[in-house]
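The values are calculated or read from the model by the stated rules, or taken from the named source; none is laboratory data. Quantities reported herein were computed from a predicted structural model and do not represent experimental measurements. So basically every Cβ, Gly included, is an ideal-geometry build from the backbone, and we count neighbours across all protein chains shown. Just so you know, the surface numbers come from the protein's heavy atoms only, side chains and all, with ligands and any DNA or RNA stripped out. Shrake-Rupley method; radii C 1.70, N 1.55, O 1.52, S 1.80 Å.
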Amino acid sequence: MKQPWIASSVTGAAVIAMIVFGSSAATAQDTGPVPRAADGHPDLSGVWWSGADVPVPNLKVGDGGTRPDGQPRQGPKTFAGFYQPWAAEKAKALDEKDDPALRCIPSILGPHASLTDQGLVGQIIQNPKFVVLLTETYHSFKIIPTDGRGHRDDVAPSYRGDSVGHWEGDTLVVDTNNFNSDNWVLDHGNVSFHSDALHLVERYRRIDAKHLAIDATVEDPNVLTQPWTVATQTLELAPFDQIMEVLCTNTGTVSLMEGAAKENYGRK
Amino acid sequence: MKQSWIASSVVVAATVAMMLLAHSGSAAAQNAAGSASAPPVARFFTDPLPPPKESAGPVPRTADGHPDLSGVWWPGGDVAVNTLPVGESRAPSGPPRQDPAAPALYASLYQPSAAAKATTLSEKDDPALRCIPSVIGPHVSLLDQGYIGQIIQTPKFVVLLTETYHGFKVIPIDGRPHRDDVAPSYRGDSVGRWEGDTLVVDTTNFNGQNWLFDHGNVSFYSDALHVVERYRRTDANTLEIDTTIEDPTMITQPWKVQTHRLRLAPFDQIMEVLCTNVETATLMESAAKDNYGRK
């Protein structure tokens, strides 16, 4: 099986930023019924990607008013659009090269919510107890218990935070807190610092056999004046069911990026 | 739920070789071992745990009838901290292995060219210092550089999640062959199949750029590496892993790794323990001070 489309990159967000502007357009036609797990819930399992090429602009720090290509932003505000004054001031002193992603530190949100981190492909593994998000680029994971338990109270703050999920009808609602404040948020072509008060709620909904819609709301009362509602991201089911290994190993990041680009990211 | 026993660390094998110093005695660990007595203590992190004295209960099974390997797995006992010699067939920090019954190590099977190469290397050459995952960790590929791994099993995939270095391996178990369309990688390409109640995982297509880590030694290998691991849940609380490693361009015969035995941990979610390279040393120090993040 060939995987002809390139959707990964070993990238620091600020450097290459394979980013999807706004929400990708889902095809209108229904691609069939939503697969369901034995327990009756929608089965979110599969490899998900944007299904289309995306431009590669630079990222801007904390600029909620313009797109990465410098044009005025159309549509909803980004995280930085709701900065408190001090945060807007802080952002002026920062540059894309300050992005911790350059040191192989994962982002809070990638181009497509928590699923893809710095890349454009993610895989979901689902069993009755857990939904696991696997990210191709930076090659890591998030474990989301869906059995009704509360957040863990015995783990230190982390880059990806602590997640719990529950089903609201056919929507998986994932609540994440307990972030450290050492990484950045990436979305809509902008990057930004955040505080450890960050609270992320994502809603994953498989709308038909081949489409996954993700809505997210981000609260950060230490940095923002009001919650940030992220524009809906719609992903397509990829024509393969296993992602690849795309690591960030820091010292080798630049050379890996170049090599990956030359070699079609390893996909023959 | 408190997770009082420390089994993670942001560690690089060759430097700190981390490892579970300490601690223990926790009731949780005892429960995990299915025994009221003190948990078994491994002299080195490399030494396998003994078999359980009595069964901890039947092996859970999935709807399709196969054993369910899901859970968080760890050594369940203390391990010592040692530096990791490169390519030397001896106990960590100890004299050359004298015990003729001791299992062979990868390096003890070196071809002459490999033995010569090993003399030019030291632990600081270990790619793990640059946040590159190892082919196998202290206990095969489930653990990478740490001591805790989690298995998530579905009818189609078994997924190995590693706490330290926070990576994963997706193992399809639906009968498909290896992928022919992916580049060589640090963790290789895996496929699995059931032989009775044993999950046999076949891994090829390694890139040759990371090292092996097992039994207190580290070693380079070649991209001809072929790893076959056999995962067997022997009772509710015990996972046994047997591994055979072939590398015809480096070693003179296949290396049969000593059986590793892991216990089911008393919690079912691992933590986030990253290697971010530039700050690895700092993280290691703070992790040790902070009880590895577990309160």
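Being modelled with pLDDT of 95 or more and touching a Phe, Trp or Tyr at 6+ places or on another chain (Cβ under 9 Å): is that true of residue B:164 here? Spelling it out, it is not the case that residue B:164 is modelled with pLDDT of 95 or more and touching a Phe, Trp or Tyr at 6+ places or on another chain (Cβ under 9 Å).
Taking the stated definitions as given, is residue A:255 modelled with pLDDT under 95, within 18 Å of the chain's Cα centre (by Cα) and either within 14 Å of another protein chain (Cβ to nearest Cβ) or surrounded by fewer than 20 Cβ atoms within 10 Å (Cβ to Cβ) (or both)?
no
With the condition kept exactly as written, say whether any residue in the stretch B:260-270 is more than 14 Å from every other protein chain (Cβ to nearest Cβ) and surrounded by fewer than 18 Cβ atoms within 10 Å (Cβ to Cβ).
Scanning the stretch B:260-270 turns up no residue that is more than 14 Å from every other protein chain (Cβ to nearest Cβ) and surrounded by fewer than 18 Cβ atoms within 10 Å (Cβ to Cβ).
Across the stretch A:148-168, a minimum of one residue is classified as at positive phi and in contact with a Leu (Cβ under 8 Å, 6 or more places away or on another chain). Just one residue in the set B:184, B:177 is out of contact with any Phe, Trp or Tyr (no Cβ under 9 Å at 6 or more places or on another chain) and of a type outside the set (Ser, Thr, Tyr); that residue is B:177. In this structure, residue A:190 does not qualify as within 14 Å of chain B (Cβ to nearest Cβ) and touching a Ser or Thr at 6+ places or on another chain (Cβ under 9 Å). Close Cβ contacts (under 6 Å, 6 or more residues apart or on different chains) running from residues in the stretch A:227-238 that are over 15 Å from residue A:187 (Cβ atoms) to residues that are part of a loop (DSSP other than H, G, I, E, B) and open to solvent by 50 Å² or more (accessible area, probe 1.4 Å) comprise A:236/A:210; A:237/A:210. In this structure, is residue B:218 in contact with a Phe, Trp or Tyr (Cβ under 8 Å, 6 or more places away or on another chain), closer than 23 Å to residue B:107 by Cα and modelled with pLDDT under 90? Against the criterion (in contact with a Phe, Trp or Tyr (Cβ under 8 Å, 6 or more places away or on another chain), closer than 23 Å to residue B:107 by Cα and modelled with pLDDT under 90), residue B:218 qualifies. For the stretch A:207-240, filtering for residues that are at pLDDT 95 or above, open to solvent by less than 20 Å² (accessible area, probe 1.4 Å) and not hydrophobic (A, V, I, L, M, F, W, C) leaves 3.
If we keep just the residues of the stretch A:123-171 that are outside any strand (DSSP E or B) and of a type in the set (A, V, I, L, M, F, W, C), which is least open to solvent (accessible area, probe 1.4 Å)? It comes out as A:155. Any residue in the stretch B:101-119 that is of a type in the set (A, V, I, L, M, F, W, C) sitting within a Cβ distance under 8 Å of a residue that is at pLDDT 85 or above and open to solvent by 60 Å² or more (accessible area, probe 1.4 Å)? List the pairs, counting only those 6 or more apart or interchain. Filtered contacts from the stretch B:101-119: B:104/B:256; B:109/B:252; B:109/B:253. For the stretch B:186-212, a residue qualifies if it is more than 14 Å from chain A (Cβ to nearest Cβ), part of a strand (DSSP E or B) and either touching a Pro at 6+ places or on another chain (Cβ under 7 Å) or open to solvent by 30 Å² or more (accessible area, probe 1.4 Å) (or both), and the qualifying residues are B:193, B:194, B:195, B:202. Across the stretch A:96-122, the number of residues qualifying as within 12 Å of chain B (Cβ to nearest Cβ) and either open to solvent by 10 Å² or more (accessible area, probe 1.4 Å) or among the hydrophobic types (A, V, I, L, M, F, W, C) (or both) comes to 5. Residues being more than 29 Å from residue A:127 (Cβ to Cβ), part of a loop (DSSP other than H, G, I, E, B), open to solvent by 30 Å² or more (accessible area, probe 1.4 Å) and modelled with pLDDT under 80 are entirely absent from the stretch A:30-51. Could you tell me whether any residue of the stretch B:131-140 is open to solvent by 10 Å² or more (accessible area, probe 1.4 Å), within 17 Å of residue A:245 (Cβ to Cβ) and more than 11 Å from every other protein chain (Cβ to nearest Cβ)? No, there is no match, as no residue in the stretch B:131-140 is open to solvent by 10 Å² or more (accessible area, probe 1.4 Å), within 17 Å of residue A:245 (Cβ to Cβ) and more than 11 Å from every other protein chain (Cβ to nearest Cβ). Residues that are within 10 Å of another protein chain (Cβ to nearest Cβ) and more than 21 Å from residue B:225 (Cα to Cα) within the stretch B:114-129 comprise just one, B:129.
Say whether the condition of being open to solvent by less than 40 Å² (accessible area, probe 1.4 Å) and modelled with pLDDT under 80 is met by at least one residue in the stretch B:66-77. Within the stretch B:66-77 (the criterion being open to solvent by less than 40 Å² (accessible area, probe 1.4 Å) and modelled with pLDDT under 80), the answer is yes, since at least one residue qualifies.
Filtering the stretch B:146-185 to residues that are at the interface with another protein chain (Cβ under 10 Å from one of its Cβ atoms), closer than 21 Å to residue B:276 by Cβ and assigned to a loop (DSSP other than H, G, I, E, B) leaves B:165, B:166, B:167.
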